[in-house]
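J.: I'd like to ask some things about the structure below.
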Amino acid sequence: MSVVVAKRYAKSIFNLAQEKGRLEKVYEDVNILVTVFENDPHALGFLTNPVLSFSKKKEIFNKALNDKLGPITMSALYFIIKNKRAKLFLQILEEYNLLYRKHKKIMCVDLITAKKAKDELKGAIIKRLGQEQKILLNERVDKSILGGFLIKVNDKQFDSTVKNHLN
């Protein structure tokens, strides 16, 4: 149920941003908010705190983020808080990102390596996968794979890690 609600909110925000010609700005804002909420777990707790009034939450977010976020994003943030959907906030942001990437034909690719990937490897992956779409490459270092690389695209993965070969 919560995924359906998150998708509906995200679609509404996306449609409004598209109507106003602000898709890119809202996408940037969403990524700022994702970073804030992932780096500070107390921020989401603050949003869901039933003791704090809506006006107090609005006042604090105005002070903290008003100069960084556009009016569409701030209005959506207030609407979500006011309707007591703050627990779904990260899901809503992720759903917006999915809608934006689909609209812009951007493929999200996760590259996991044992050490920092060389530019040649990244270039080869982008060239191979990005023939029809733009590529958003998310890199992650995981020493437990021992060597090689793991590529994840949507629900598929290509595992060329030493760990996988040993298993």
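The values are calculated or read from the model by the stated rules, or taken from the named source; none is laboratory data. A quick note: this is a predicted structure, and the numbers were derived from the prediction, not measured. Cβ sites come from the backbone with ideal geometry, for glycine too, and all protein chains shown count toward neighbours. Side chains are part of the model used for accessible areas, which takes the heavy atoms of the whole protein and leaves out ligands, DNA and RNA. Shrake-Rupley method; radii C 1.70, N 1.55, O 1.52, S 1.80 Å.
J.: Just a yes or no: is a residue in the range 128-138 within 22 Å of the chain's Cα centre (by Cα), open to solvent by less than 60 Å² (accessible area, probe 1.4 Å) and either small (G, A, S) or at pLDDT 85 or above (or both)?
T.: Yes, because at least one residue in the range 128-138 is within 22 Å of the chain's Cα centre (by Cα), open to solvent by less than 60 Å² (accessible area, probe 1.4 Å) and either small (G, A, S) or at pLDDT 85 or above (or both).
J.: Just name the residue that is surrounded by the most Cβ atoms within 10 Å (Cβ to Cβ) out of those in the range 110-125 that are of a type in the set (D, E, K, R) and part of a helix (DSSP H, G or I).
T.: As a first pass, look at the range 110-125 and keep what is of a type in the set (D, E, K, R): 110, 115-116, 118-120, 122.
In the following step, the residues that additionally are part of a helix (DSSP H, G or I) were identified as 119-120, 122.
Values: D119: 8, E120: 8, K122: 16.
This residue is K122.
J.: Checking the condition open to solvent by 30 Å² or more (accessible area, probe 1.4 Å), in a helix (DSSP H, G or I) and of a type in the set (V, I, T), which residue from T73, T35 passes? So that I can check it myself, show each step before the final result.
T.: Values: T73 fails: open to solvent by 30 Å² or more (accessible area, probe 1.4 Å).
Every option except T35 fails the conditions.
J.: For the list (1) under 19 Å from the mean Cα position of the chain (by Cα); (2) open to solvent by 60 Å² or more (accessible area, probe 1.4 Å); (3) of a type in the set (F, W, Y), I need the number of the one condition that F79 fails.
T.: So the condition that F79 fails would be (1).
J.: A further question on this structure: Within the range 83-102, identify whether any single residue is of a type in the set (K, R), open to solvent by 90 Å² or more (accessible area, probe 1.4 Å) and touching a helix residue (DSSP H, G or I) at 6+ places or on another chain (Cβ under 6 Å), and answer yes or no.
T.: Yes, the conditions are met somewhere in the range 83-102.
J.: T48 is checked against (1) surrounded by 14 or more Cβ atoms within 10 Å (Cβ to Cβ); (2) under 15 Å from N97 (Cβ atoms) and fails just one. What number does that condition carry?
T.: T48 satisfies every listed condition except (2).
J.: Residue by residue through the range 19-30, note down the ones that are touching a residue at least 40 places away in the same chain (Cβ under 8 Å), open to solvent by 50 Å² or more (accessible area, probe 1.4 Å) and part of a helix (DSSP H, G or I). Write out each step before concluding.
T.: We begin by selecting, within the range 19-30, every residue touching a residue at least 40 places away in the same chain (Cβ under 8 Å); these are 20, 22-23, 25-27, 29-30.
Filter again for open to solvent by 50 Å² or more (accessible area, probe 1.4 Å), leaving 20, 22, 25.
Within the range 19-30, K20, K25 qualify.
J.: Residue under question is K102, and the condition is that it be of a type in the set (D, E, K, R), free of Cβ contacts under 8 Å to residues at least 60 places away in the same chain, assigned to a helix (DSSP H, G or I) and closer than 30 Å to H165 by Cβ; does it hold? Working first, answer last.
T.: Details: of a type in the set (D, E, K, R): yes; free of Cβ contacts under 8 Å to residues at least 60 places away in the same chain: yes; assigned to a helix (DSSP H, G or I): yes; closer than 30 Å to H165 by Cβ: no.
Criteria not met by K102.
Quick grid of which residues meet (1) more than 22 Å from Y27 (Cβ to Cβ); (2) touching a residue at least 60 places away in the same chain (Cβ under 8 Å):
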| residue | (1), (2) |
| --- | --- |
| G45 | yes, no |
| T48 | yes, no |
| S53 | yes, no |
| K58 | yes, no |
| N62 | no, no |
| N66 | no, no |
| G70 | no, no |
| A76 | no, yes |
| K82 | yes, no |
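J.: Looking at (1) closer than 28 Å to R140 by Cβ; (2) open to solvent by 70 Å² or more (accessible area, probe 1.4 Å), can you tell me which one K58 breaks?
T.: Unmet for K58, out of (1) closer than 28 Å to R140 by Cβ; (2) open to solvent by 70 Å² or more (accessible area, probe 1.4 Å): (1).
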